[in-house]
1. Take the solvent-accessible surface of the protein heavy atoms, probe 1.4 Å, and return the percent of it on region A:2-64 that carbon and sulfur atoms account for.
2. Roughly how many nanometres apart are two label points built 7 Å out from the Cα toward the Cβ at B:Val528 and B:Phe257?
3. For a Förster distance of 41 Å, can you work out the FRET efficiency between the beta-carbons of B:Val117 and B:Ala425, rounded to the nearest 0.05?
4. Taking a cut-off of 21 Å between Cα atoms, list the lysines near B:Lys490, but don't count ones fewer than 8 places away on the same chain.
5. Suppose we keep just the alpha-carbon trace of region B:5-544; what are its Rg and Dmax in angstrom?
6. Please compute the contact order of chain B in relative form: average sequence separation of alpha-carbon pairs under 8 Å and at least six residues apart, divided by the residue count, as a percent.
7. For B:Leu168, project a label point 7 Å along Cα to C-beta. Then give me every residue of region B:9-28 with its amide nitrogen under 17 Å of that point.
8. If the chain between B:Leu133 and B:Glu218 were fully stretched, how many nm would it gain, using 0.36 nm times the residue separation less the Cα-Cα distance?
Amino acid sequence: MKQDFSLLVIVAVVWAVLALLYATVPMFHMPGYAAVWGLGAVVFLALAAAIAAASRRERKRHEHHGEASHE
Amino acid sequence: MTPHPLLDHLKQLPAADKRLLLAFFGAGLVTLALGVLAGAGTALVRAGLIDPAPYFGYRLMTMHGINIFFYWLYFAQAGLLLAFSATHAAHARHMEWRRLAWLGYAAMVAGFVLSQVGAASGVPLLYDAPPELARFASAAVGSIYLGYLSLALGLFCVAVSAVASVVLPRFAGRTVSLSPIGFASIAWAGLLMVSALAAVNAFLPAALWAFEKGPLPEDYATGWHVLFHNMHYLPLMATVVTWYVLVKALFGIESIFGPRFSKIVFSTYLIFVPPTSLYHMFLEPGLAEPVRVVGSLLSLFISVPTVLVFLIIVASLETHARAHGASGLFGWIRMLPWRNPVMAAVGMAVVNLAAGGALSFVLIQEKLAPLLSDTFFVPGYFHFLTVGTVTLTFLGALCYLIPGLTGRPLWNPRLLAGLPYLATAGLALFGTAGVIAGYLGAPRRVLDLSYAGDAPASWQVLMGVVGTGGMLMAIALILYILALAVTFLKRAPQAAALDFGLPGWNLAGAVPARELAWTGPLSILILVGTMALFTVVAFEMIKAAPLAAIGSGAH
């Protein structure tokens with residue numbers, strides 16, 4: 001699950017860098033491209049966060065079950 | 001008995017989930033039928049067999065492009081994504097947030113209706129609908145943009161529902177780890193969401209202009225290019241994910257490289273999307289020369305993920321087949337169940353992808369793009385991808401999923417197993433004649449190629465071959481639609497066999513440690529050689545042609 005999270009974060013970073021490039025470097029200046037890649041970075045970051053949250057819930061469940069079985 | 005976990009899983013889905021999936025697939029087949037009929041009409045106009053009356057041919061071409069590119073490919077994708085995300089793991093029991101997916105379906109259907117109204121009643125703008133071509137704002141033109149916006153809303157809702165189907169079972173503790181298909185579904189859904197946002201970026205200003213609520217968009221072309229880049233990439237991503245699912249379903253095998261590597265490869269699709277997008281801008285006069293060079297170099301990476309998935313699938317299949325007794329360099333290919341319609345469709349899709357992929361590399365080179373982008377080379381090559389690769393894959397998948405969802409055996413599997421070859425034969429005629437016509441300068445999007453008798457005689461001959469190939473493709477696709485419709489509508493036998501009696505080959509089991517798999521790398525070598533050959537031929541032919549390039553927006 002850590003891999004899933006990492007892969008989506010890498011994707012978000014690549015998209016964010018490209019968005020920044022299109023927004024700020026005069027030679028590449030294309031506001032439309034910057035907006036779409038920037039929004040894309042946000043989407044993939046949100047998906048990574050959803051996976052991380054599911055993973056955290058899973059870990060807590062395991063810990064809880066572990067404690068319960070000890071009791 | 002051959003294990004069919006995917007069929008098992010489809011059968012166990014709640015009836016409400018099955019209804020939704022069948023609704024998406026049914027709508028997809030309707031849009032495909034309309035798109036194919038309009039495409040066949042366009043091919044006949046091109047061949048000179050139907051009179052290209054003012055607007056009529058362009059209206060047909062507009063309806064062909066809109067129905068195939070925007071609606072067939074996306075209704076089918078929406079259904080496949082929802083099906084794969086709902087069945088991605090053994091304990092994923094049902095679709096999550098089904099109502100949201102239904103809302104998405106309703107929005108997509110509304111979009112389809114609005115787009116038909118716009119295409120049938122207004123100025124035929126072709127599927128990219130540049131507002132400057134319409135010249136005047138009108139409700140009919142606005143209807144096309146509203147249709148696209150409604151489609152975007154629908155795709156966003158579907159994508160969110162698919163993500164929920166993968167992630168929520170983990171919250172509930174029903175699934176422990178994310179399978180490669182689960183991860184691929186999330187990646188695919190993410191790109192769908194981004195494409196929906198890109199559609200709003202492109203079409204909202206145009207819609208406001210059409211309803212006289214805003215100015216003529218100044219930069220429509222850029223918005224279109226970035227949307228188009230995502231939307232022509234998505235069907236290919238969907239295709240390879242579908243291959244991955246179907247190979248597992250048909251042969252009972254997993255990737256020999258392991259699930260972690262599969263996930264890395266699926267994520268490379270997303271990593272390469274933005275950097276490879278610049279080649280769509282090659283014909284824009286304002287683009288700086290260094291940007292053209294960088295874009296040309298980066299665009300070479302566009303096929304990397306597809307090639308990697310191809311290698312994973314072919315190597316996994318070959319090693320398992322050899323471990324089960326296949327011998328000789330290509331002996332394992334002969335042993336595949338080619339009489340199974342799903343196998344035949346996927347097999348021909350791979351062949352067509354190689355042809356289309358090799359030709360596409362000619363077009364994304366910065367020096368050749370201005371010379372070829374407005375010629376018939378473009379439809380000549382991209383039909384290898386849209387029809388030969390993506391559509392055949394999706395129809396192959398429906399040959400598996402519709403029986404799985406309805407419990408009814410596939411109607412006439414023998415006929416269905418032959419249709420990929422008929423479609424590919426038509427495509428070979430259409431594509432070969434189209435590419436040659438493009439090399440000889442025949443323009444695309446010009447339906448009357450006579451130029452008052454000044455056009456080269458070869459153009460009309462080649463367009464005749466294009467028309468013949470187009471008709472063969474249309475016949476194959478209409479037969480597919482009819483066969484799937486009969487499968488859907490006929491009464492189910494009381495006790496249908498789980499695998500519906502289709503030929504199969506279960507390769508599940510341990511693979512010996514040292515099995516060689518040559519076919520994948522050899523195919524890539526041939527592909528690279530073919531790409532180089534096509535490029536050299538293109539340069540030589542164009543150097544010999546007495547023409548000058550005056551470009552407009554590339555597509």
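1. Roughly 74 percent of what the probe reaches on region A:2-64 is carbon or sulfur.
2. For B:Val528 paired with B:Phe257, the spin-label model returns 1.6 nm.
3. Taking R0 as 41 Å, the efficiency between B:Val117 and B:Ala425 is 0.70.
4. Qualifying lysines at Cα under 21 Å: B:Lys11, B:Lys18.
5. Cα-based Rg and Dmax for region B:5-544 come out at 22.8, 72 Å.
6. Once normalised by length, the contact order is 18 percent.
7. B:13-21
8. Here the segment from B:Leu133 to B:Glu218 would lengthen by 29.3 nm.
The values are calculated or read from the model by the stated rules, or taken from the named source; none is laboratory data. Just so we're clear, the structure is a prediction, and the values are computed from it rather than from any experiment. With ideal geometry, Cβ positions are generated from the backbone for all residues, glycine too; neighbour counts draw on all protein chains shown. Side chains are part of the model used for accessible areas, which takes the heavy atoms of the whole protein and leaves out ligands, DNA and RNA. Shrake-Rupley method; radii C 1.70, N 1.55, O 1.52, S 1.80 Å.
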